[in-house]
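See structure below.
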Amino acid sequence: MSHARKIAVVPGDGIGPEVIREAVKVSAAAARKAGARLEFTEFDWGAEKYLREGVTLPPGAIAMLRENFDAILFGAVGDPRVPENRHAAEILLAMRFQLDLYVNLRPARLLDRRLCPLRDTSESQVNFTVIRENTEGLYAGMGGCFKKDTPDEVATQEDVNTRKGVERVIRYAFEYARQSGAKRVCMADKSNVLKFGHGLWQRVFKLVAAECPDISAQHLFADTLAMEMVLRPADFDVIVTCNMFGDLLTDLAAALEGGLGMVASGNIHPGSIGLFEPVHGSAPPLAGKNVANPVGAVRTSALMLEHIGLTDCARLIDAAVLASVREKQCTSDIGGKLGTKEAGDWIAARI
Ligand SMILES: NC(=O)c1ccc[n+]([C@@H]2O[C@H](COP(=O)([O-])OP(=O)(O)OC[C@H]3O[C@@H](n4cnc5c(N)ncnc54)[C@H](O)[C@@H]3O)[C@@H](O)[C@H]2O)c1
């Protein structure tokens, strides 16, 4: 039996605890089957704790996570009772930025053609990965307001692109392509209008591509890519892009594979602890009703286990999820009749 992998579990708000419970159950089943050891430690960071104690992330939490855990499994944060979702930014963005999780990895794999909104699209045609820069761009929080709340107000939001930040995520994309056996990397920007910031993406992409002659490097403007992802999704293996365009394009990718309830993501800093979360939010109207689709969270746990070297566990989970979707042993948003818990039970039992 391999050494124990330590997982910090942060279920969060809304449907987060319901779907993460199933992800933990399924991961534990896969570990038992594969002879791996997983230790889960749960943290109650989220809206309830914030409303009760005024605490978002406790002092020292980031260092504690880095020192004691192999990965973080995260549900979702967001609660209508908290003004501006203050706690959510402090919990999730703090982890992303302070752990320097510069890669947002989002595989898009269609499990069953009936879930794809595109006509005549087979499973093999939607099978690509979007790598979104996760710490810079328009999300760096730089900017300000001048003459606020007057007719002359000026609001600026800076698009921050550093050579280091751009290069490391582009290098990750090529490395990911190589390791996953993919042949193509497509970089998307708007260098035709964002001459400085995205001019940097252009120059760095060409430099890194020249070092990787075994991988075909392609460039598309982000608006063209949005269209091509719908018209010809099979043309893509790995897509790398900035924070803002990645945010938009990955939701488009989620639609191609059956909706937000299906999709997994990883926030990664190679060689260090990563945070893995389903792409969806806390979906407050669904919370506590046992209706949320657990597949996104369960696939997230597979992505996490693969990342920490438990590839056998990940494959077991992927196969069981595929069977649950194909056999309609799933929740109603994807054509089944099961509740959240029952769908998770089915997947675990299949493993
Ligand atoms: N990473 C995160 O923690 C994260 C991400 C997005 C949104 N949020 C927060 O979540 C809250 C709700 O946001 P939203 O409504 O824009 O996004 P959402 O993802 O929670 O919901 C969007 C739509 O998708 C559906 N949906 C989402 N997950 C589903 C699942 N597992 N099964 C079935 N249907 C599912 C919802 O019912 C809703 O119709 C907000 O407070 C928002 O800030 C958090």
Among residues of region 172-215, those that are closer than 18 Å to E133 by Cβ and among the polar types (S, T, N, Q), counted: 2
Pick from region 68-85, criterion touching a Ser or Thr at 6+ places or on another chain (Cβ under 7 Å) and assigned to a strand (DSSP E or B), ranking: surrounded by the most Cβ atoms within 10 Å (Cβ to Cβ): A76
Which of the numbered conditions does E90 fail, given that it passes all the others? Conditions: (1) under 21 Å from the mean Cα position of the chain (by Cα); (2) more than 13 Å from the ligand (Cβ to nearest atom); (3) charged (D, E, K, R). (2)
Please verify whether E48 is without any contact (Cβ under 8 Å) to a residue 40 or more places away in the chain, assigned by TED's automatic domain parsing to the domain that holds A264 and not in a helix (DSSP H, G or I), treating the condition exactly as stated. no
Given the conditions (1) in contact with a strand residue (DSSP E or B) (Cβ under 8 Å, 6 or more places away or on another chain); (2) assigned to a helix (DSSP H, G or I), report the number of the one that D312 does not fulfil. (1)
Hey, T300 within 16 Å of the ligand (Cβ to nearest atom), at pLDDT 95 or above and closer than 23 Å to G137 by Cα or not: no
Being over 28 Å from G309 (Cβ atoms), within 14 Å of the ligand (Cβ to nearest atom) and either crowded, with 22+ Cβ neighbours inside 10 Å or not small (G, A, S) (or both), is that true of even one residue in region 19-38? no
Restricting attention to region 39-86, the residues that are within 23 Å of V298 (Cβ to Cβ) and either more than 13 Å from the ligand (Cβ to nearest atom) or more than 21 Å from the chain's Cα centre (by Cα) (or both) number exactly 10
For region 325-337, indicate whether the set of residues that are within 12 Å of the ligand (Cβ to nearest atom), closer than 28 Å to F174 by Cα and of a type in the set (V, I, T) is non-empty. no
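The values are calculated or read from the model by the stated rules, or taken from the named source; none is laboratory data. Quick caveat: nothing in here was measured; it's all calculated off a predicted structure. Neighbour counts are summed over all protein chains in view; Cβ atoms, including those assigned to glycine, are modelled from backbone coordinates with ideal geometry.
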